[in-house]
Amino acid sequence: MSSTPATPSEISESTRRFRVFLVDDHAVFRSGVRAELGREQDMEIVGEAGGVAEAIAGIDSTKPDVVLLDVHMPDGGGVAVLGRIDSGSVCLALSVSDAAEDVIAVIRAGARGYVTKTISGPDLADAVRRVAGGDAVFSPRLAGFVLDSFTGRSTAPEPPLDPELDSLTPRELEVLRLLARGYTYREIAEELVISVKTVETHASNVLRKTQQSNRNALTRWAHRRRID
């Protein structure tokens with residue numbers, strides 16, 4: 001009995017490789033994820049990063065199908081990355097946190113799903129395939145946080161209104177964080193891969209928007225808001 005030839009769409013689906021970029025500030029964890037996904041014939045790790053600036057540059061350069069994105073990192077975390085990438089990649093948050101406020105924050109910022117780091121390798125690979133295909137994917141119980149948020153029943157605390165802080169762009173917020181940590185303009189330029197002149201412009205905008213007179217006052221302002 002002759003078999004029915006595969007259609008072009010079936011062939012393309014069976015041979016598709018999902019290009020994945022890893023963002024996490026723990027190198028050992030990235031190594032483990034790379035090993036797990038490397039067992040999957042349809043997965044290809046095209047890059048990785050341990051910080052926000054490195055992640056943005058790498059994602060925009062490699063244009064992966066899916067970004068596995070840590071939520072908390074010292075230099076801004078997943079929300080900072082989501083606000084600045086323009087590669088068209090789908091982002092799946094992968095975090096140790098299962099706090100409602102973290103889930104809601106990254107979903108509002110544009111992530112397509114949220115899974116915790118307790119997920120198994122095969123389940124993670126399946127989650128990558130699903131978000132690449134257009135699905136929204138969540139670890140058990142986390143989807144409820146998102147539904148509650150959109151229906152107004154969320155118990156997660158809303159961030160306090162802070163017009164001055166809200167007026168800052170994602171890049172200005174990054175500069176503010178580094179200024180608050182004591183970085184020089186040159187060190188900020190190297191960290192964010194921009195010119196010193198651009199850092200000076202961002203710093204001037206931050207001072208103007210936050211209505212602070214100098215860097216010392218700005219640092220105290222940032223520390224009161226725990227921006228560091």
Using the per-residue mean of other Cβ atoms lying within 10 Å as a proxy for protection, in what order, highest first, do the peptides 89-95, 130-136 fall?
-> 89-95, 130-136
For the residue 60, residue 17 Cβ pair and Förster radius 30 Å, calculated FRET efficiency rounded to 0.05 is 0.90
Compute the length gained on full extension between residue 200 and residue 220: take 0.36 nm times their separation in residues and subtract their Cα-Cα distance, giving the result in nm to one decimal.
-> 5.3 nm
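Around residue 18, what is the net charge, scoring Lys/Arg as +1 and Asp/Glu as -1 over all other residues with Cβ under 9 Å from its Cβ?
Local charge sum for residue 18: 0.
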For segment 91-144, restrict the atom set to alpha-carbon positions and state the Rg and Dmax in Å.
-> 10.1, 27
How far apart, in nm, are the 7 Å Cα→Cβ label points at residue 193 and residue 108?
-> 2.9
Label residue 39 and residue 211 with points 7 Å out from Cα along Cα→Cβ: what is the distance between them in nm?
-> 5.7
For residue 181 and residue 119 in the same chain, what is the full-extension length gain: residue separation times 0.36 nm, less their Cα-Cα distance, in nm?
-> 18.9 nm
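Values quoted throughout were computed directly from the atomic coordinates according to the rules given, and no laboratory measurement underlies them. All of these numbers come straight from a predicted model, not from anything done at the bench. As a convention, Cβ positions derive from the backbone with ideal geometry for all residues, glycine included, and neighbour counts pool all protein chains shown.
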